[in-house]
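Right, one structure below, let's go through it.
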Amino acid sequence: MSDARTAHGTDNRPLSPHLQIYRPLINMVMSILHRMTGAALYLGSLLLAWWLVAAAIGPEYFAFVNGIFGSLLGKIVLFGFTWSLLHHMMGGIRHFIWDTGRGLDIQSVKTLSIMSGIISVAATLLIWGTVLLTG
């Protein structure tokens, strides 16, 4: 095996690019958010399970859990869970489109990525606007 060092004792191999080299692209950001929302959905599912168990235990405990979810902090968490669910779903639809072999050119990737973000935010606001106006 040959020595990769030069006469000055330093490596002359190219460095692997990292986050300092790449500028964030919309599809990179959406990929990271997709993974983060997946983790948030795991935690949100635990909250949903807690709510269902509380309903099975009895009306007093169910009222207690509903009181927690009905507080300002609880509503913020539920709002975030709603957005996570919708964003993750939009990312799944985007990946499904790509799996069919469509939308793989650069402009389509950008458009699908931007639209998935816009639709997830708009749908979350629409759902919560409806809930707050009718509730």
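The values are calculated or read from the model by the stated rules, or taken from the named source; none is laboratory data. Remember, it's a predicted structure, so these values are computed and weren't measured experimentally. Counting neighbours? That spans all protein chains shown, and the Cβs are built from the backbone with ideal geometry, glycine included.
From the list G74, G67, the lone residue that is over 11 Å from the mean Cα position of the chain (by Cα), exposed (fewer than 15 other Cβ atoms within 10 Å of the Cβ) and under 21 Å from W128 (Cα atoms) is G67.
Scanning the range 98-135 for residues that are farther than 18 Å from V29 by Cβ, at pLDDT 95 or above and surrounded by 13 or more Cβ atoms within 10 Å (Cβ to Cβ) returns A123, L125, I127, W128.
From the list K75, K110, exactly one residue is touching a helix residue (DSSP H, G or I) at 6+ places or on another chain (Cβ under 8 Å), basic (K, R) and in contact (Cβ under 8 Å) with a residue 40 or more places away in the chain. Which is it? So that I can check it myself, show each step before the final result.
Details: K75 fails: in contact (Cβ under 8 Å) with a residue 40 or more places away in the chain.
When all the criteria are applied, what remains is K110.
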